[in-house]
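Structure first, commentary second.
The values are calculated or read from the model by the stated rules, or taken from the named source; none is laboratory data. Keep in mind the model is a prediction, meaning the values are calculated, not measured. Here the Cβ positions follow ideal geometry from the backbone for every residue, glycine too, while neighbour counts run over all protein chains shown.
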Amino acid sequence: MPRTRLIDRVQAARAERAAHDALRPRRTIEARDGVQVRVGGRALVNFCGNDYLGLSQHLDVVAAFQEASAHHGVGSGASALVCGFSAEHAALEREAAEWMGYPRALLFGSGYLANLAVLQSLLGPGDLCVQDKRNHACLIDGARLAGCELSRYPHRDAEAALRQLMAQADGAALLATDGVFSMDGDLAPLRDLAMLSRSQEASLYVDDAHGAGVIGPEGRGSVAVANLSASDVPLLVVPMGKAFGGQGALLFGSDALLGHVAETARPYVYSTAPPPAMAAAMRASLRLIRGEPWRRAKLASLMMRFRRTALRAGIALGESYTPIQPVLLGDNARALAVSAQLRDNGYLVAAIRPPTVPEGQARLRVTLSVLHSDAQVDGLVEALARACAAFEPVGA
Ligand SMILES: *Cc1c(COP(=O)(O)O)cnc(C)c1O
């Protein structure tokens, strides 16, 4: 067979994506002040970010970042195991572990890295990883990197998870799930998953990127909402790019598990430790998450307002009671058209298309932030209702 030229292949793939309304150009945010953004010279209200608690530009968080960077500089200078682990990193790990009620926390440069690290260092050939089909991509990629068996069960189907665990009873087993699903906003059935993991001697691993900070007492997320503890969920990861308003991820677990991950996970060992100033900023975020429960209360009230008004306007919503509110549209072209019309009306809501969501389930993933006002939510719903009416509805 003749050699394939990469340039020919990527051009063909691009043409294929273009034919399916699946191109994904980036848009440049020219300025951002809370949920007000400027794109292409136009002011838009942002309804698709993950800054749920409005902490990414909070004065305390910014000040902590500035002070720590004036003191420590910008880069950490090395991997954590060499000489990149600073007192700021250690303090964040200590304070976070105490908050979440785990023996220990381990800081990563991103959630993606953390998930690759956990699965690659704890599982290998002969082991089993059972996952919800709607899990975040990096959990799937971590299992592939580990070289273990990967079984994916239908969304939120705990019985199917149990059957998959029972089908392979030798080797180590880990059941991994998002706590709050990133594209649907619904919660994993954590109590059922904890019980069946225990019965199968499998470890339960929860990725709470969209639950931590947003739900639960002191913002402890979906594990706390399910009234579970470190013994039920031996591994928990909290990416900090969402409600924390920063960057990085905290992995929670026992000394034994986290010690093993820290010393053997290639994505941890061979990656530069995050900036100490980011750790300082995330300590400030953590203080606000714990100390200002009004942020969660306001988010919940905006969420109920959005649902009430949108459902009354006949907009097809997913069954979600978190700040992630999917508006199901079906095909890519329709999602793009509704998104474009919203933009003409002053709202930024990106169209989410396959492969990020299943085929035929393109949607607008509306997200709410504590920085939104009631009036902005009402305005969005009105614009959405008009835009959706212009395109005949589909069965979601
Ligand atoms: C965003 C996200 C990640 C990745 O975290 P980053 O810090 O952005 O790399 C992992 N898991 C889930 C569920 C996420 O939503």
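If I filter the stretch 347-381 down to residues being touching a helix residue (DSSP H, G or I) at 6+ places or on another chain (Cβ under 7 Å) and among the small types (G, A, S), which single residue comes out as surrounded by the fewest Cβ atoms within 10 Å (Cβ to Cβ)? Taking the candidates together, the pick is A350. Just one of the numbered conditions (1) in a helix (DSSP H, G or I); (2) without any contact (Cβ under 8 Å) to a residue 24 or more places away in the chain is not true of E359: (1).
Evaluate the following for S320: is it crowded, with 17+ Cβ neighbours inside 10 Å and assigned to a loop (DSSP other than H, G, I, E, B)? So that I can check it myself, show each step before the final result.
Numbers: crowded, with 17+ Cβ neighbours inside 10 Å: yes; assigned to a loop (DSSP other than H, G, I, E, B): yes.
For S320, the condition - crowded, with 17+ Cβ neighbours inside 10 Å and assigned to a loop (DSSP other than H, G, I, E, B) - is met.
Hey, among A43, A90, A19, A31, which residue is surrounded by fewer than 16 Cβ atoms within 10 Å (Cβ to Cβ) and either within 22 Å of the chain's Cα centre (by Cα) or touching a residue at least 40 places away in the same chain (Cβ under 8 Å) (or both)? Don't jump to the end; show me each part of the working.
Values: A90 fails: either within 22 Å of the chain's Cα centre (by Cα) or touching a residue at least 40 places away in the same chain (Cβ under 8 Å) (or both); A19 fails: either within 22 Å of the chain's Cα centre (by Cα) or touching a residue at least 40 places away in the same chain (Cβ under 8 Å) (or both); A31 fails: either within 22 Å of the chain's Cα centre (by Cα) or touching a residue at least 40 places away in the same chain (Cβ under 8 Å) (or both).
Residue meeting the stated conditions: A43.
Pairing each residue of the stretch 167-183 that is within 15 Å of L139 (Cα to Cα) with any residue that is near the ligand (Cβ under 8 Å from one of its atoms) and part of a strand (DSSP E or B), provided the two are 6+ apart or on different chains, yields C-beta distances under 9 Å for A176/D207; T177/D207; D178/D207; G179/D207; S182/D207.
Among the residues making up the stretch 143-159, those that are closer than 17 Å to D184 by Cβ, more than 15 Å from the ligand (Cβ to nearest atom) and not charged (D, E, K, R) are Y153, P154, A158.
In the list R9, R38, which residue meets the criterion of being assigned to a strand (DSSP E or B), at pLDDT 95 or above and more than 28 Å from P274 (Cβ to Cβ)? Reasoning before the result, please.
Numbers: R9 fails: assigned to a strand (DSSP E or B).
Within the list R9, R38, the selection yields R38.
Residue by residue, here is whether (1) within 15 Å of the ligand (Cβ to nearest atom); (2) over 21 Å from the mean Cα position of the chain (by Cα) holds:
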| site | (1), (2) |
| --- | --- |
| A224 | no, no |
| D232 | no, yes |
| G248 | yes, no |
| R296 | no, no |
| M303 | no, no |
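Among the residues of the stretch 160-196, which ones are away from the ligand (no atom under 16 Å from the Cβ) and closer than 14 Å to R134 by Cβ? Matches in the stretch 160-196: A160, A161, P189. When the criteria are applied in full, V82 fails the requirement of being in a helix (DSSP H, G or I), farther than 27 Å from P267 by Cα, among the β-branched types (V, I, T) and not assigned by TED's automatic domain parsing to the domain that holds A300.
Taken together, the criteria exclude V214 from residues that are under 20 Å from L162 (Cβ atoms), surrounded by 24 or more Cβ atoms within 10 Å (Cβ to Cβ), more than 11 Å from the ligand (Cβ to nearest atom) and outside the structural domain of R363 (by TED's automatic domain parsing).
When we screen R307, R353, R334 for residues that are over 30 Å from H72 (Cβ atoms), out of contact with any Gly (no Cβ under 9 Å at 6 or more places or on another chain), of a type outside the set (V, I, T) and without any contact (Cβ under 8 Å) to a residue 40 or more places away in the chain, the only hit is R307.
In this structure, does L139 turn out to be crowded, with 21+ Cβ neighbours inside 10 Å, assigned to a helix (DSSP H, G or I), more than 19 Å from the chain's Cα centre (by Cα) and of a type outside the set (F, W, Y)? Against the criterion (crowded, with 21+ Cβ neighbours inside 10 Å, assigned to a helix (DSSP H, G or I), more than 19 Å from the chain's Cα centre (by Cα) and of a type outside the set (F, W, Y)), L139 does not qualify.
Inside the stretch 224-268, residues that are among the hydrophobic types (A, V, I, L, M, F, W, C) and under 13 Å from L116 (Cα atoms) make up a count of 6.
If you check G77, G41 for being outside the structural domain of V206 (by TED's automatic domain parsing) and among the small types (G, A, S), only one passes: G41.
Report whether or not D208 is within 16 Å of the ligand (Cβ to nearest atom), at negative phi and either assigned by TED's automatic domain parsing to the domain that holds G101 or modelled with pLDDT under 95 (or both).
Working: within 16 Å of the ligand (Cβ to nearest atom): yes; at negative phi: yes; either assigned by TED's automatic domain parsing to the domain that holds G101 or modelled with pLDDT under 95 (or both): yes.
Yes, satisfied.
Figure legend. Inter-residue proximity from the stretch 364-391: first residues over 25 Å from V214 (Cβ atoms) and modelled with pLDDT of 95 or more, second residues of a type in the set (V, I, T) and crowded, with 20+ Cβ neighbours inside 10 Å, beta-carbon distance below 7 Å, spacing 6+ or different chains. Indicated pairs: A385/I315.
Scanning the stretch 91-142 for residues that are away from the ligand (no atom under 16 Å from the Cβ), among the acidic types (D, E) and over 13 Å from A249 (Cα atoms) returns E95, E98, D127.
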